[in-house]
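Asks: The structure is given below, and queries will be raised subsequently.
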Amino acid sequence: MNKILAIDDDLNNLKVILAILNCYFPDYQVLLSQSGIEGIEIAKRELPDTILLDILMPEMDGFEVCHILKNNESTKHIPILLVSALNEMSFRIKGLNAGADAFISKPIDNAELKAQVNVMLRIKSTEDLLRKRNEKLRTLTYELAIAEEKERRKIAEYLHDGLGQAISIAAIKLSSIAREKLPPAVKKTLEESSELLCDAIGETRELVYDLSPPILYELGLIAAIKWKLEQVEKKFGIITMFRSDENSIELVNDIKVLLFRMVCELLNNAVKYSGADLIKVEIQKNLKNITIMVIDNGKGFDFSQGMNLSDFGGFGLFSVKERLETLQGSLMIESEPSLGAKIIVTIPI
């Protein structure tokens, strides 16, 4: 059943609000509370569709109640209508800064209260719809990432077992023919062809590892990250370091793959944009979370939490954040110009 919560220390005010709401919103259950502390508990338990909140209350005023509710994960989406005899602009601004969605003055006008509550209910309905769609999008993002990885693995297996084997056999046969007595020009052509095939074998093997490294499935996440750091050193001449509290971490394949891809994305970002000559990866694990930190000593950047991630490192950081949301994880960035960057990925286990 839909619910509206009214919080006011004055019982007479609550009775007036109850009468008005019962008249205009008969399909809603009206919940009443005479204190901020009790109101917060009711809001967390009942999750009403909107809250009417008085400002001047003993023990905990409406500003503090509003701030607490708007910073709680389960109640932050509930619209709050502040109700008070305080009409000064400074109080309105303070209420809006605390997270309130609107303000209505006492004495309460029935028509205005009805209109304001309708606005609050529309806000809640719209936010609920958006939240459901976002959840669906996150689910689709997760499923797409897993499907993409499965296709990567199929292609890698084909390259290794099909094309790779065919090229290897062709190289062996050419090498065998080249050892026979042949005209110098033919022998040279065969040797050059054999070298090209060997190069193709090496490139195919590298492509297989980039698409879907077997080490990730055979030896696990830590071994795969170490391998990736070795590749960074080999290709770009950047010093890398690795530290972990654990020798191995047991994870289901889907989570393991997503974490590895995120680390790869963060390493690619560091290589492309940071100008660093040292990149470190650290892994910490406790009973609740796994935390992976990618740290570089590059040029850094001016970043505040909440800024648009797509402005930093192209699409990479934004992509990592989107994938983390599907795992109910978090992304934190610590960076300052000339002081390098630390990207912290945390997921629950």
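The values are calculated or read from the model by the stated rules, or taken from the named source; none is laboratory data. Nothing here was measured: the structure is a model prediction, and the numbers come from that model. With ideal geometry, Cβ positions are generated from the backbone for all residues, glycine too; neighbour counts draw on all protein chains shown.
Asks: Can you tell me which residues in segment 323-349 are touching a helix residue (DSSP H, G or I) at 6+ places or on another chain (Cβ under 6 Å) and of a type in the set (Asp, Glu)?
Replies: Across segment 323-349, the qualifying residue is only Glu325.
Asks: Would you point out the residue of segment 139-157, among those that are under 13 Å from Arg261 (Cβ atoms) and of a type in the set (Asp, Glu), that is surrounded by the most Cβ atoms within 10 Å (Cβ to Cβ)?
Replies: The qualifying residue surrounded by the most Cβ atoms within 10 Å (Cβ to Cβ) is Glu149.
Asks: Condition first: assigned to a loop (DSSP other than H, G, I, E, B) and of a type in the set (Ser, Thr, Tyr). Now tell me which residues in segment 232-252 satisfy that. So that I can check it myself, show each step before the final result.
Replies: If we filter segment 232-252 for residues that are assigned to a loop (DSSP other than H, G, I, E, B), which is where we start, we get 237-238, 245-252.
Hit for segment 232-252 is Ser248, nothing else.
Asks: Might you check whether a residue that is buried (at least 17 other Cβ atoms within 10 Å of the Cβ) and either small (Gly, Ala, Ser) or within 30 Å of Ala276 (Cα to Cα) (or both) occurs anywhere in segment 158-167? Talk me through it step by step, then tell me what you get.
Replies: Applying the first criterion (buried (at least 17 other Cβ atoms within 10 Å of the Cβ)) to segment 158-167 yields 159-160, 164, 167.
Right, trim to either small (Gly, Ala, Ser) or within 30 Å of Ala276 (Cα to Cα) (or both) and you get 164.
Checked segment 158-167: at least one residue is buried (at least 17 other Cβ atoms within 10 Å of the Cβ) and either small (Gly, Ala, Ser) or within 30 Å of Ala276 (Cα to Cα) (or both).
Asks: Just to be sure, is Glu250 modelled with pLDDT of 90 or more and surrounded by fewer than 15 Cβ atoms within 10 Å (Cβ to Cβ)? Spell out how you get there, then give the answer.
Replies: Values: modelled with pLDDT of 90 or more: no; surrounded by fewer than 15 Cβ atoms within 10 Å (Cβ to Cβ): yes.
When the stated conditions are applied, Glu250 does not pass them.
Asks: For segment 95-138, which positions are touching a helix residue (DSSP H, G or I) at 6+ places or on another chain (Cβ under 8 Å) and loosely packed, with under 14 Cβ neighbours inside 10 Å?
Replies: Asn110
Asks: Residues Val208, Val232: which one is closer than 30 Å to Asn289 by Cα, surrounded by 14 or more Cβ atoms within 10 Å (Cβ to Cβ), β-branched (Val, Ile, Thr) and touching a residue at least 12 places away in the same chain (Cβ under 8 Å)?
Replies: Val232
Asks: Restricting to segment 316-343, and then to whatever is part of a loop (DSSP other than H, G, I, E, B) and more than 8 Å from the chain's Cα centre (by Cα), can you tell me which residue is nearest to Asp296 (Cα to Cα)?
Replies: Just the residues of segment 316-343 that are part of a loop (DSSP other than H, G, I, E, B), to begin with: 327-329, 336-340.
From the residues that got through so far, the ones that are more than 8 Å from the chain's Cα centre (by Cα) too are 336-340.
On the way: Glu336: 12, Pro337: 12, Ser338: 11, Leu339: 9, Gly340: 5 Å.
By that ranking, first place goes to Gly340.
Asks: Which of the residues spanning segment 60-78 are part of a loop (DSSP other than H, G, I, E, B) and under 27 Å from the mean Cα position of the chain (by Cα)? Before you say what the answer is, go through the steps one by one.
Replies: Initial filter on segment 60-78 (part of a loop (DSSP other than H, G, I, E, B)): 60-61, 71-78.
Passing the criteria: Asn71, Asn72, Glu73, Ser74, Thr75, Lys76, His77, Ile78.
Asks: Name every residue in segment 33-59 that is buried (at least 18 other Cβ atoms within 10 Å of the Cβ) and not in a helix (DSSP H, G or I), in order of residue number.
Replies: Answer for segment 33-59, where residues must be buried (at least 18 other Cβ atoms within 10 Å of the Cβ) and not in a helix (DSSP H, G or I): Ser33, Pro48, Asp49, Thr50, Ile51, Leu52, Leu53, Asp54, Ile55, Met57.
Asks: Considering each of Ala145, Ala111 in turn, give the residue that is assigned to a helix (DSSP H, G or I), modelled with pLDDT under 85 and not β-branched (Val, Ile, Thr). Quick ask: steps written out before the conclusion?
Replies: On the way: Ala111 fails: modelled with pLDDT under 85.
Residue meeting the stated conditions: Ala145.
Asks: Using the structure shown, decide if Asn97 is under 18 Å from Met120 (Cα atoms) and out of contact with any Cys (no Cβ under 8 Å at 6 or more places or on another chain). Don't jump to the end; show me each part of the working.
Replies: Working: under 18 Å from Met120 (Cα atoms): yes; out of contact with any Cys (no Cβ under 8 Å at 6 or more places or on another chain): yes.
It is true that Asn97 is under 18 Å from Met120 (Cα atoms) and out of contact with any Cys (no Cβ under 8 Å at 6 or more places or on another chain).
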